[in-house]
Amino acid sequence: MTYKELRINTEIKLKEKGDCERAPSKMVKYTVVTKYPHMCIVEDGKGRRRGVAVGELIVNKIINQDPSLEFLRRESNSIRKTSRGWRKKGAQSCMEYAP
């Protein structure tokens, strides 16, 4: 489902981290209330609302990007997996030259 296909009153689950730094993240159910071009407003069961960017929806795997962008992402991931990185083999790091 893309962002255009996401409808109002759709229930979604988002990861939410607690106040403490070590608190485990938990899944919270939200309902989509309104949609804007680059974000949507969601509401939880207690009536609290918050804004969610499209990027956060993609990271939480609620929506996908356009098919052409998904193809580019998969292609770049496959290149990253096959190559060892952008550095040449045997290249020295910058830290070795620092005084």
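The values are calculated or read from the model by the stated rules, or taken from the named source; none is laboratory data. Computed from a prediction, not measured in an experiment: that's the story for all the values here. In this analysis, Cβ positions are derived from the backbone assuming ideal geometry, glycine residues included, and neighbour counts consider all displayed protein chains.
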Some residue of segment 38-50 being at pLDDT 95 or above, closer than 24 Å to Arg73 by Cα and touching a Leu at 6+ places or on another chain (Cβ under 8 Å): yes
Residue check, Thr10 at negative phi and in contact (Cβ under 8 Å) with a residue 24 or more places away in the chain: no
Positions within segment 5-22 being farther than 15 Å from Lys61 by Cα and either part of a strand (DSSP E or B) or more than 16 Å from the chain's Cα centre (by Cα) (or both), in sequence order: Arg7, Ile8, Asn9, Gly18, Asp19, Cys20, Glu21, Arg22
Pick from segment 41-68, criterion over 14 Å from the mean Cα position of the chain (by Cα) and under 15 Å from Thr2 (Cβ atoms), ranking: surrounded by the most Cβ atoms within 10 Å (Cβ to Cβ): Asp66
Options Ile12, Ile58: the member that is at pLDDT below 95 and among the β-branched types (Val, Ile, Thr): Ile58
Strands (runs of 3 or more DSSP E) lying entirely in segment 23-84 (those with 3 or more residues that are closer than 20 Å to Ile8 by Cα and hydrophobic (A, V, I, L, M, F, W, C)): 26-35, 39-43
